[in-house]
Amino acid sequence: MMLIRPITEQDHDALWQIARMTGVGFSSLQPDPDMVQKKLDWAVNSFRAEKPLEEAYYLFVMEDTKTEKVVGVCGIESAVGLKDPWYNYKVNTQVHASRELDVYTRIKTLTLCSDYTGHSELCTLFLTPEYRKSSNGHLLSKCRFLFMAAHEPRFDDNIIAELRGFSDEDGESPFWEALGRHFFAVDFVEADQQVSRGKSFIAELMPRNPIYSNLLPAKAQSVIGQTHQDTVPARKLLESEGFRYTGYIDIFDGGPVLETRPRDIRAIRDSRRYRVRVHDFVDTDETVWLMANSHFRNFRCMAGQLSFEGLESVNISQKQAEALKVRDGDELRVVPLFNPQRNNYQ
């Protein structure tokens, strides 16, 4: 059984091992001991705080209950850019036209901006390679939506997901090589490590004027808004849930920023609350359901099968109830794991 729960101090070693697997471009979790400890402390304090932190970091782990091994992580930041600036490029279109010369040209421009200041962000999604199967990826990503649904006041009415951009087999980013390197004079790996510690230095070095994309090499132009091959499934999953690309990209690798509103996310919009009925045996159909309790510090989420009793109750097994920390009469939020209106991806 795969179970989602908030991270704890005891998960430090597991988080460190995952950080060592993430690879170039995964700036939200780098193999840096100080960064890992800082992320862990921030997350633990966010769950312990008596009042919601202005910039809270809710980090969850996926645990294989059979082996008690942590096999994945995912997170939500309640707000970005409130203390340190949050930068992106906005991709706009400039038109250059002359009737006399019979010229009409549309050119993409990149403008440095902080338009997403205050937005909530989905972040730090990583599943260890041996567990990238079955519906584990869907559970790990979508569990955050049921947490948001249960604790709506803790999040902004706009949410983003900044996805890793394209880089080649050697870890080089064509977008960075064509643009960022000219202002930072370091390779992409070093810049990625630096931004993981903070983005405030960007304002000091990046150009403030719009950049004409047609001045960049063709290879760099072609990856604007494109996703790293390992992140393509995550992008398709988010798009199937209601996220969309609106022309904002990461300033380092050109990766896309997807955005939506919580109420437009399928798993939030279509989820319903039911009363729990616990049984030794539950006769179920083949539908896989995403189910989560309504707790905060003891939040639990899993995917599995269940059955309905009338319009107000769901039947689950004793084993499921113990994992979800619910009893007869408690509340459970439920939604189909897969969007029935869209193709789904493992």
Where does helix 136-150 land angle-wise versus the long Cα axis of the chain, in degrees 0 to 90, nearest 10? 80 degrees
Can you classify the stretch 38-162 as rounded, prolate or oblate using the Cα gyration tensor, where a ≥ b ≥ c are the square roots of its eigenvalues, rounded means a/c under 1.5, and otherwise it's prolate if a/b beats b/c and oblate if not? prolate
In the chain, carbon and sulfur make up what percent of the accessible area (probe 1.4 Å)? 45 percent
Pulled fully out, how much extra length does the chain show between Asp157 and Leu53, if you take 0.36 nm times their separation in residues and subtract their Cα-Cα distance? 35.8 nm
For the residue pair Gln10 and Met206, what label-to-label distance in nm results when each label sits 7 Å from Cα along the Cα-to-beta-carbon direction? 4.1 nm
Under 1.5 on a/c is rounded, so check that first for the stretch 97-137, then, if it is not, pick prolate when a/b is larger than b/c and oblate when it is not; a ≥ b ≥ c are the square roots of the alpha carbon gyration tensor eigenvalues. oblate
Based on the Cβ-Cβ distance of Arg261 and Gln318, what FRET efficiency does E = 1/(1 + (r/R0)^6) give at R0 = 45 Å, to the nearest 0.05? 0.75
Cβ-Cβ FRET estimate between Val232 and Glu177, R0 fixed at 22 Å, reported to 0.05: 0.50
Mind listing the long-range amide H neighbours of Ile224? Cut-off is under 5 Å, sequence gap 5 or more, other chains count too, H placed in the peptide plane at 1.01 Å from N. none
Contour minus end-to-end for Asp330 and Asp170, with contour as 0.36 nm per residue of separation and end-to-end as the Cα-Cα distance? 52.5 nm
Ala218/Asn45 FRET efficiency (R0 56 Å; Cβ-Cβ; nearest 0.05): 0.75
With every protein chain present, what is the per residue accessible area of the chain (1.4 Å probe, Å²)? 49 Å²
Along the dipole axis of the chain (charges at Cβ: +1 for Lys and Arg, -1 for Asp and Glu; origin at the Cα centre), the most positive-end residue among Ile7, Val314, Phe60 is Val314
How far apart, in nm, are two points set 7 Å out from the Cα along the Cα-to-Cβ line at Gln17 and at Gln37? 2.1 nm
Would you mind calculating the relative contact order of the stretch 210-284 from Cα pairs under 8 angstrom and at least 6 residues apart, reporting the percent as a whole number? 24 percent
Calculated from the structure, volume of the Cα convex hull per residue in Å³ equals which of (1) 227; (2) 151; (3) 173? (2)
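The values are calculated or read from the model by the stated rules, or taken from the named source; none is laboratory data. Remember, it's a predicted structure, so these values are computed and weren't measured experimentally. Reconstructed Cβ throughout: ideal geometry from the backbone, glycine too, with neighbour counts over all protein chains shown. Accessible surface is based on the protein model in full, side chains and every heavy atom, while ligands, DNA and RNA are left aside. Shrake-Rupley method; radii C 1.70, N 1.55, O 1.52, S 1.80 Å.
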